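Starting off with a structure, shown below.
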Amino acid sequence: MNLNTLFKKQMELDAHITQSKGLEGQQLLDKRIVALICELYECVNEARFFKFWSDKQTFKDKDKLLEEYADVIHFALSVANSLGVHSHEYIKTQPADLSKLVIGITNQATVLSMSRSKEHVHGLLNNIIALGYQLGFNEHQVIDAYNSKHKINYERQKVGY
C-alpha cells in the first residue's frame, strides 16, 4: 500500500488547523499521538475481532470500518509529518494475530512520544498499513476513504468543529 501521495495533503490540513486555531509554536506531537491511539481503538471497536465474549466477532459495516481506518491513517500521517517523515515504503509482513498487531501499534505510538525516532515512525506506519490489509482493505479503497474524510475534515473546520 503506497500512501505517499497523502503525506502532503495531511501536512496542508494540519497547517490549516494550526493556523486557524492559533496553535503556531505549540508542541502538538503528544496530542496527535493520543488522537492516533483514540482513532485506532475506534477502528478496533468497529472491527470487533477482540470481543471474545460476543457472538458477533466480525464487523457489520465494512464502510464504517473503512471510515474509521481512514481516521487512523489521517493521524498516522500527521504524527509522521510532525517527525519529519514524509514518505514510506511498505515492507510486506506476515499476517499477525490482530490483537497482537494492535497492541504493537499502540506500543509503537507511545514510544514515539519519547523517542521521536524516524525508524519508529516507519515501523508504526508499516504496522498500520498491515492492519489495513488484514482488515481486508486495498490501497485504492484506503486512498479513496482518506480523500473523502479529508474533504469532510476541511468542511468541519469551516463550521467550527
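Just to be sure before I move on: is THR18 surrounded by 13 or more Cβ atoms within 10 Å (Cβ to Cβ) and either more than 20 Å from HIS86 (Cα to Cα) or not hydrophobic (A, V, I, L, M, F, W, C) (or both) in the structure I sent?
Numbers: surrounded by 13 or more Cβ atoms within 10 Å (Cβ to Cβ): yes; either more than 20 Å from HIS86 (Cα to Cα) or not hydrophobic (A, V, I, L, M, F, W, C) (or both): yes.
So THR18 fits the description; yes.
Which residue is modelled with the lowest pLDDT, if the candidates are limited to the stretch 59-81 and must be out of contact with any Lys or Arg (no Cβ under 6 Å at 6 or more places or on another chain) and farther than 19 Å from MET1 by Cα?
Per the stated criteria, the residue is LYS60.
Considering PHE59, PHE75, which residue is more than 26 Å from MET114 (Cα to Cα), buried (at least 16 other Cβ atoms within 10 Å of the Cβ) and out of contact with any Cys (no Cβ under 7 Å at 6 or more places or on another chain)? Walk me through it before giving the result.
Numbers: PHE75 fails: more than 26 Å from MET114 (Cα to Cα).
None of the others qualify; the one that does is PHE59.
Is it the case that ILE91 is modelled with pLDDT of 95 or more and in a helix (DSSP H, G or I)?
Spelling it out, it is not the case that ILE91 is modelled with pLDDT of 95 or more and in a helix (DSSP H, G or I).
Could you list, in sequence order, all residues of the stretch 21-32 that are exposed (fewer than 13 other Cβ atoms within 10 Å of the Cβ) and over 17 Å from VAL121 (Cβ atoms)?
The answer is LYS21, GLY22, GLU24, GLY25, GLN26.
The values are calculated or read from the model by the stated rules, or taken from the named source; none is laboratory data. Owing to the predicted nature of the structure, the values given are computational and were not obtained by experimental measurement. A quick note on method: Cβ atoms are made from the backbone with ideal geometry, for glycine too, and the neighbour counts reach across all protein chains shown.
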